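Structure, as structure tokens:
Read-outs throughout are calculated quantities, based only on the coordinates presented, and are distinct from any laboratory measurement. Quick caveat: nothing in here was measured; it's all calculated off a predicted structure. Reconstructed Cβ throughout: ideal geometry from the backbone, glycine too, with neighbour counts over all protein chains shown.
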Amino acid sequence: MKLNYKRTILIGMAFLSICAFWQMYDNIIPLILKDTFHLGETVTGAIMAADNILALFLLPLFGSLSDRTNTRIGKRMPFILAGTVLSVLFLLILPVADRTANLPLFIAALFLVLISMGLYRSPAVALMPDLTPKPLRSKGNAIINLMGAIGGVYALIMIKLLVGGGLTPDYFPLFLSIGLLMLVCVAVLIFTIRENPLREMIQAEEAAEDAGSDREAVSTGSATGTSSALPRDVRRSLIFILLSVALWYIAYNAVTTAFSRYATHVWGLENGGYANCLMVATVAAIISYIPIGAISGRIGRKRTILIGVALLTFCYLCASFYTSYHASMNVFFGIIGFAWAAINVNSFPMVVEISANADVGKYTGYYYTFSMAAQVVTPILSGFLLEHISYRTLFPYAVVFSVLAFCTMLMVKHGDSKPVKKKSVLENFDVDD
């Protein structure tokens, strides 16, 4: 059984559009709130946190609703199609509200955009495990993450090309370029991926593989593909996976959100010099996605994640001893990028591996609930320590939560993907594996 790369790339079009939107959102919306509407940092921060807060409720809701949906075009496609169209519609209102300095219109449109994005985020992400055989989901998730990175890069290029100078830049061309990309992506997805026939084919392949193989079954969901209560030991593993997700996001997100201030105040970097470290980590993660998918297929998801968490902890610990910037920090940030890829590629497939086929959307929602909750909590908690104790608490803070994530991950006993036994020694040299 081998991953269909072409199909996985096409499935990843939805995630590409989502990541392009959020890259633009995170970069441009705070500027509009500050420069056009002259809102303070606290109010701007509260508005920018709204997407994570809404996600806590919307992602599990629409993920679960998509599980119970049955239409001619599939379970996930109606949500992806409707969510994309609505998001683009409301997205194009934002630059109009910015140009006319109409704050009520801007806030209303922003709220509707966030609702619309929440409508299809979980269904879009759940589409990959729906249409990918279970042992190949880590490889599939690596491709999906790579597609997301391409979407983020597209948004950054458009920002550079289309945002003009001056005190009042016109953002409409930028928003239009993102909206058009989203529509093109969903059109490609709808016309190339036949969700219902593909799902039936994948389920038949998995059933045939399980029947004809002597390998230990690693799925802990319902064998019939219908929703059912999890056994106690499986539920315990799910809880520990989700706790691990929250803990490593608490550590990682604290560093990424506060690093610019930390590098300026503690290391004395000026003129955006801190961006070099973050760029190294981002590039290292992008390069690592596909190799990590192959590695996890050979040594298992849990072991790959534990290696990633251990590397994160080591790098955070080393960084805490630096009193000023040194070029060697780029090495540690490269390792951080690799480690984060090892975690990211494998954690989501572990969560949905536990689910029954009928519950993938709901479990996708669980995953995002815990990751988003962490991203709501950690800027407040770490920010309090930075403000009231010292900026140098940042990396020790990350070390503590990374160690806790390692401990909770050790308690996980389900959701892994065991390497499939080769029929012959020669098959170990199959480069397409």
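Quick check for me: using +1 on Lys/Arg Cβ and -1 on Asp/Glu Cβ, what's the dipole size of the chain about its Cα centre, in debye to the nearest 20? Present the calculation step by step, with values, prior to reporting the outcome.
Working: 32 positive and 26 negative charges, 134 e Å.
With Lys and Arg at +1 and Asp and Glu at -1, about 640 debye.
Going down the table (Lys2/Lys134; Lys75/Lys139; Lys302/Lys413; Lys139/Lys362), which pairs top 18 Å between alpha carbons? The answer is Lys75/Lys139; Lys139/Lys362. Highest average first, the peptides 197-205, 376-384 ordered by how many other beta carbon atoms sit within 10 Å of their residues are 376-384, 197-205. Highest mobility in the GNM of the chain, judged by mean-square fluctuation with C-alpha springs under 10 Å and restricted to Ile335, Ile299, Ile241, is found for Ile299. Residue by residue, region 175-189 carries 3J(HN,Hα) couplings of 4, 5, 5, 6, x, 5, 4, 4, 5, 4, 4, 5, 5, 4, 4 Hz when phi is fed to the Karplus relation 6.51 cos²θ - 1.76 cosθ + 1.60 (θ = phi - 60°); x denotes Gly or Pro. Taking Cα centroids, how far is region 88-125 from region 298-312 in Å? The two parts, judged by their Cα centres, are 38 Å apart. Highest average first, the peptides 360-367, 311-318 ordered by how many other beta carbon atoms sit within 10 Å of their residues are 360-367, 311-318. Computed about its Cα centre, the charge dipole of region 48-189 is approximately 520 debye, with only Lys, Arg, Asp and Glu carrying charge at their Cβ. Identify which of Ile239, Ile250, Ile292 has the largest mean-square fluctuation in a Gaussian network model of the chain, with springs joining Cα atoms closer than 10 Å. Of Ile239, Ile250, Ile292, the most mobile in the Gaussian network model is Ile239. Placing unit charges on the Cβ atoms of the charged side chains and taking the dipole of the chain about its Cα centre, the candidate lying farthest along the positive direction among Thr369, Tyr391, Ser138 is Ser138.
When peptides 17-25, 175-183, 124-132 are ranked by their average number of other Cβ atoms within 10 Å per residue, the highest-first order is 124-132, 17-25, 175-183.
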